[in-house]
1. What helices (runs of 4 or more DSSP H) completely inside the stretch A:53-158 contain at least 1 residues that are under 19 Å from residue A:26 (Cβ atoms)?
2. If you take the residues of the stretch A:16-30 that are among the hydroxyl-bearing types (Ser, Thr, Tyr) and in contact (Cβ under 8 Å) with a residue 24 or more places away in the chain, which of them is nearest to residue A:79 (Cα to Cα)?
3. Kindly list the number of the only condition in (1) closer than 26 Å to residue A:124 by Cβ; (2) within 14 Å of chain B (Cβ to nearest Cβ) that fails for residue A:35.
4. Output yes when any residue across the stretch B:137-157 is within 19 Å of the chain's Cα centre (by Cα), surrounded by 15 or more Cβ atoms within 10 Å (Cβ to Cβ), within 14 Å of chain A (Cβ to nearest Cβ) and in a helix (DSSP H, G or I), and no when none is.
5. Return the total of residues in the stretch B:53-67 being in contact (Cβ under 8 Å) with a residue 60 or more places away in the chain and surrounded by fewer than 23 Cβ atoms within 10 Å (Cβ to Cβ).
6. Among what's in the stretch B:27-62 and is facing chain A (nearest Cβ under 10 Å) and outside any helix (DSSP H, G or I), pick the residue that is farthest from the chain's Cα centre (by Cα).
Amino acid sequence: MPLLQPGELAPDFTLHVTPDQQLSLSELRGRPIILAFYPADFSPVCGDQMALYNEVFPEFQKLGAELVGISVDGVWCHDEFAKSRKLHFPLLADYEPKGAVARQYGAYRQKDGFAERALFVIDGKGKIFWSYLSPVAVNPGADGILEALEDLSKLSKS
Amino acid sequence: MLKIPVNQDDHILGDPKAPVVLVEYGDYECPYCGQAYPIVKRVQKHFGKRMAFVFRNFPLTEIHPNAEMAAQTTEFAAAQGRFWEMHDGLYENQQMLGPPLFIALAQKLELSVEDLNLALTNGTYASRVKSDFMGGVRSGVNGTPTFFINGDRHDGAFGFDDLVVAIEARLQK
């Protein structure tokens, strides 16, 4: 299944965010949401995508957006990863059935068994405004997300 | 693509009009940047006057608790014309990165430790570091070190041979 494209409705989902807490996409309605799918916790570089987003997080917030990371790792792994990187945003566990949400978004790598590096900006009404699929070995950075959020805020003001 | 062109506010080694300008976005606490440091020196020596080198700050402050202060320390030194000495001193002693090293290097460069402490406390150079960082984010910097060769992001490895081959390719254009 190809990556979901702008204009399509973002499929709702409910996933564990901590061992005893769940988060649904629909709960975040009303403001832009950045969904960042990534292959795995603990990639062995400082260029780690989630560590970068953590640094840029205040800029995302200035644009009124919420950020969530999603991978097929389980909650305990996410917990450890989030602590080690001091992340200020939630990581969702697309763990059981494995990769089910990633599949719905066209962001699952069947042969590897993990999510793509795929980014979505979803508008306040739950529609996909922007999506981007990065080569799995390349951290997509944050410039595309910031531009999409700015375009979205211009649009909602006009 | 580099969104902020190399300009007079940059820290530049060599002639900004050289045929190749290598820009590094780096973090003083990042071990990969530490690895890149002597490699860049060799690359500079290899190309001589044909290349200029620019360093911009990209501290990942949440995973590297001393990176921001290190970057501000270099900007403090830069304000007194000693950027590269501070930059080199930090990378050459990266395993000791922290306030005692900042002070020791300031003393070695005969900079006022009092002024340094004041600048760090007041965050005098915080906005400069932040503007480097955000310029990097806008240009697609995705980790450290990230190199740009004549404005294009170099996505390959940053070993000596990798960089030389990539730069040669630009020189031949």
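1. A:100-104, A:143-157
2. So, considering only residues that are among the hydroxyl-bearing types (Ser, Thr, Tyr) and in contact (Cβ under 8 Å) with a residue 24 or more places away in the chain, the one nearest to residue A:79 (Cα to Cα) is A:18.
3. That leaves (2) as the condition not met.
4. Yes, there is a match, as at least one residue in the stretch B:137-157 is within 19 Å of the chain's Cα centre (by Cα), surrounded by 15 or more Cβ atoms within 10 Å (Cβ to Cβ), within 14 Å of chain A (Cβ to nearest Cβ) and in a helix (DSSP H, G or I).
5. Within the stretch B:53-67, residues that are in contact (Cβ under 8 Å) with a residue 60 or more places away in the chain and surrounded by fewer than 23 Cβ atoms within 10 Å (Cβ to Cβ) number 1.
6. Step by step, filter the stretch B:27-62, then rank; the result is B:62.
FYI, it's all coordinate maths here, none of it is from the lab. Predicted model only: the values in this text are computed from it and were never measured. As a convention, Cβ positions derive from the backbone with ideal geometry for all residues, glycine included, and neighbour counts pool all protein chains shown.
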